[in-house]
1. Does any residue in the range 12-27 that is farther than 11 Å from residue 70 by Cα come within less than 9 Å, Cβ to Cβ, of a residue that is assigned to a helix (DSSP H, G or I) and modelled with pLDDT under 95 six or more places away or on a different chain, and which pairs are these?
2. So, in the range 27-84, exactly how many residues are under 10 Å from the mean Cα position of the chain (by Cα) and assigned to a helix (DSSP H, G or I)?
3. What do you reckon, is residue 80 aromatic (Phe, Trp, Tyr), surrounded by 12 or more Cβ atoms within 10 Å (Cβ to Cβ), touching a residue at least 12 places away in the same chain (Cβ under 8 Å) and in contact with a Cys (Cβ under 9 Å, 6 or more places away or on another chain)?
4. Evaluate the following for residue 54: is it touching a Ser or Thr at 6+ places or on another chain (Cβ under 8 Å), more than 23 Å from residue 82 (Cα to Cα) and either surrounded by fewer than 17 Cβ atoms within 10 Å (Cβ to Cβ) or free of Cβ contacts under 8 Å to residues at least 40 places away in the same chain (or both)?
5. Within the bounds of the range 8-19, is there any residue that is assigned to a loop (DSSP other than H, G, I, E, B) and surrounded by 11 or more Cβ atoms within 10 Å (Cβ to Cβ)?
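The values are calculated or read from the model by the stated rules, or taken from the named source; none is laboratory data. In this text, all values refer to a predicted model and were calculated from it rather than measured experimentally. Neighbour counts are summed over all protein chains in view; Cβ atoms, including those assigned to glycine, are modelled from backbone coordinates with ideal geometry.
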Amino acid sequence: MEEKEVSEYDKRIRYAMKLFKDNNITYKICNRENGHFNLYKNGKVVMSFWSWTGKCYIPSTGFSDNIGVHNCVKKYNELFKEVK
């Protein structure tokens with residue numbers, strides 16, 4: 001990978017982490033090399049997200065698409081955030 005690509009790659013990972021934190025989404029970065037995150041609800045993995053490709057996977061629905069981090073957060077909030 002070229003230096004510019006590595007820089008952009010790291011930016012995507014940091015940006016995803018910031019959005020997850022800002023939206024109170026519990027996450028774990030599983031693999032920094034491919035930007036793979038697991039997102040949690042009540043201690044269980046409910047979504048996976050890859051920051052380099054923008055791919056989002058939801059095991060419970062079978063949903064898998066390249067939607068980007070903003071739409072991933074939106075989808076998480078729609079499906080898993082509790083209404084107060």
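1. 25/80
2. So the answer is 7.
3. Judged against the criteria, residue 80 is not a match.
4. no
5. no
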